[in-house]
Each structure stands twice: as C-alpha cells, then as structure tokens.
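The values are calculated or read from the model by the stated rules, or taken from the named source; none is laboratory data. These numbers come from a predicted model, not from an experiment. Heads up, the Cβs are rebuilt from the backbone with ideal geometry, glycines too, and the neighbour counts pull from every protein chain shown.
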Amino acid sequence: MPVSQNQRLRKAAAKAAKRKAVVAEKLSRERRDLTISKPRHIDFAASPIVACHVTSAIETAGMGTVTVVRKLSLGRYGLAVFLLDMWCLGVKDAFFRVADAEQYEAFQVSSEAASATEAIEPARARRLLHDAAAYGAANGFPPSENFAEIERMFGDVAPAGARFVFGRDGKPDYVAGPRDSRSRIMRIRAVLERRFGLDGFHFTIPVDVYDDENDDYEDEDFIEGEAQEVATIAASEGAEGASEGAGAARG
C-alpha cells in the first residue's frame, strides 16, 4: 500500500522533532557542565592553578576580591571569586562557575575594568581567606554556607605567611554598600553593638538610608543569630518613641 504525502510529512516532522529534542538535551548538558555551582563535582587536584589575584591594596581599601582560576579539561576553567570586607564582615560572599575559553576571556576583561588587581601566591591568598573568615566570625558574621565548599578550589595549597590586618583604627568599621537595605544595616549594627558596645566600632551609612519607606525587617538576607538583636532594637525604639510622646504631652 503506497504511503500518502501526509504520512510522509508526518514521519519527517516526527524525525525532525526527535532530532531537535536530542540537540536540545545535548545543549542542556553542555550548559549544565559550564555552570556547575559547586567545585566538588570536579577533581581539582589534577588541575593546575593558572591565575590567582587580589584587589590591589585590599587592606587599606577595605573591600575587594580574591580570585583563583584552575585550568580544567576540554579547554575549560574553574573560577572562584571571594568578596571580602576587610574592615568588618570578613568573607561577604563566594562564587564559583565553570567557563569555556571565551567566557573566561570575558571574565578577565570585566574584572580588570572593575578594579585594579595584582597577582598573589595561592598560599597567601588562602591565608587571607582563612583570616578574613575568622575575623568576620569573631565580629558575629560567619562566612556564607558555600564558602567552605568553594574554598576547596585551593586543594592541598596550605595557608602561608604573616596574618593580615583587619578593621580600621583598631575597630570594626561597617561601611554600608549601595545595595544594603535599611533593615540589613540595622541588623548589622545590632550585632556590632552586642559584641562591642556603642563605642567599640565605627559605622558609616548613607544619609538617606532612613528615607526608604518600603524597607522593613522582613528581608531574606537575615544574618544568622541576630533575631534577638532586631527584637531588642525594635523594642527600644518603641520605648523611646513612647517616652518622647509622653514628654511632649506633659510639655
């Protein structure tokens, strides 16, 4: 029985759809391979470190990054970037991804445009990260959960050299960033007050930080262990407001 034109078209369409699905799955696998979120999926021990950089004068600048890059198989690169606050928070965040050669080149260009960096020995870089994590934790701000995992990028490189200097003028100094919400700023201040007292730290915030009426204490970036401090601040502010109101009424 001869095959009709419609049947041939349906078969051709089915084959084309199957090929499209196969290609889509292949692209999806490749995309996943290039965006692995945690380095434990790759054996870095056999991968050479090809670059390790730190923001120039990071101790005096107060803020900066440490970047370590390993050359992987198939022309790929493992990139780990650590954001450090040398004056207060220690290790603020850590990022990891796998990039192909083109993506790595784009990463280098954007990094150089963002800030001046300089080469650092991996052993010194790891010392800096360990010291920063310890400093932040001592101030009440332990590193993010993914820090320990991503820090494994250094493999068997042992921390070396003298310890780094943190804080400013002998005290923690929190400088609010442009993306820090009012509630986050207040929570950080609460932790510092509990740890060091009112005069034991420096605190720099934008003058208009209290003008954001849409901000509140319900942010998702809650700092671990600070719930009590937030409640205490809210209660004290309420008590002060009531006291001022009573005083005004008496006047």
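For region 72-95, the tally of residues that are out of contact with any strand residue (DSSP E or B) (no Cβ under 6 Å at 6 or more places or on another chain) and of a type in the set (Lys, Arg) stands at 0. Scanning region 69-99 for residues that are assigned to a strand (DSSP E or B) and among the basic types (Lys, Arg) returns Arg70, Lys71, Lys92, Arg97.
Here Glu112, Glu151 are screened, and the one residue that is out of contact with any Cys (no Cβ under 6 Å at 6 or more places or on another chain), among the acidic types (Asp, Glu) and modelled with pLDDT under 90 is Glu112.
Screening Asp100, Asp156, Asp173, Asp169 for residues that are more than 24 Å from Thr60 (Cβ to Cβ) and touching a strand residue (DSSP E or B) at 6+ places or on another chain (Cβ under 9 Å) leaves exactly one candidate, Asp100. Looking across region 170-184, the residues that are assigned to a loop (DSSP other than H, G, I, E, B) and at pLDDT 90 or above come down to Gly170, Pro172.
Against the criterion of being closer than 17 Å to Ser144 by Cβ and without any contact (Cβ under 8 Å) to a residue 24 or more places away in the chain, Val81 qualifies.
Looking only at region 111-151, count how many residues are of a type outside the set (S, T, N, Q), part of a helix (DSSP H, G or I) and under 17 Å from Thr65 (Cβ atoms). Show your work before the answer.
So the first thing to find is which residues in region 111-151 are of a type outside the set (S, T, N, Q), and the list is 112-114, 116, 118-138, 140-143, 145, 147-151.
Still in the list and also part of a helix (DSSP H, G or I): 112-114, 122-138, 147-151.
Add one more test, that the residue is under 17 Å from Thr65 (Cβ atoms), and what stays is 112-114, 122, 124-133, 135-136, 147, 150-151.
Total satisfying the criteria: 19.
Of the residues making up region 44-68, those that are within 19 Å of the chain's Cα centre (by Cα), in a strand (DSSP E or B) and of a type in the set (A, V, I, L, M, F, W, C) number 5.
Quick grid of which residues meet (1) closer than 30 Å to Val191 by Cβ; (2) charged (D, E, K, R); (3) not assigned by TED's automatic domain parsing to the domain that holds Arg179:
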| site | (1), (2), (3) |
| --- | --- |
| Leu72 | no, no, yes |
| Val81 | yes, no, yes |
| Asp93 | yes, yes, yes |
| Ala113 | no, no, yes |
| Glu118 | no, yes, yes |
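Say whether the condition of being aromatic (Phe, Trp, Tyr), crowded, with 22+ Cβ neighbours inside 10 Å and in contact with a Leu (Cβ under 8 Å, 6 or more places away or on another chain) is met by at least one residue in region 104-124.
Restricting attention to region 104-124, the residues satisfying the condition of being aromatic (Phe, Trp, Tyr) are 104, 107.
Right, trim to crowded, with 22+ Cβ neighbours inside 10 Å and you get none.
Within region 104-124, none of the residues are aromatic (Phe, Trp, Tyr), crowded, with 22+ Cβ neighbours inside 10 Å and in contact with a Leu (Cβ under 8 Å, 6 or more places away or on another chain).
Of Arg76, Arg163, Arg168, Arg97, which residue is of a type in the set (Lys, Arg), over 16 Å from the mean Cα position of the chain (by Cα) and in the same structural domain as Val50 (by TED's automatic domain parsing)?
Working: Arg163 fails: in the same structural domain as Val50 (by TED's automatic domain parsing); Arg168 fails: in the same structural domain as Val50 (by TED's automatic domain parsing); Arg97 fails: over 16 Å from the mean Cα position of the chain (by Cα).
So the residue among Arg76, Arg163, Arg168, Arg97 that is of a type in the set (Lys, Arg), over 16 Å from the mean Cα position of the chain (by Cα) and in the same structural domain as Val50 (by TED's automatic domain parsing) is Arg76.
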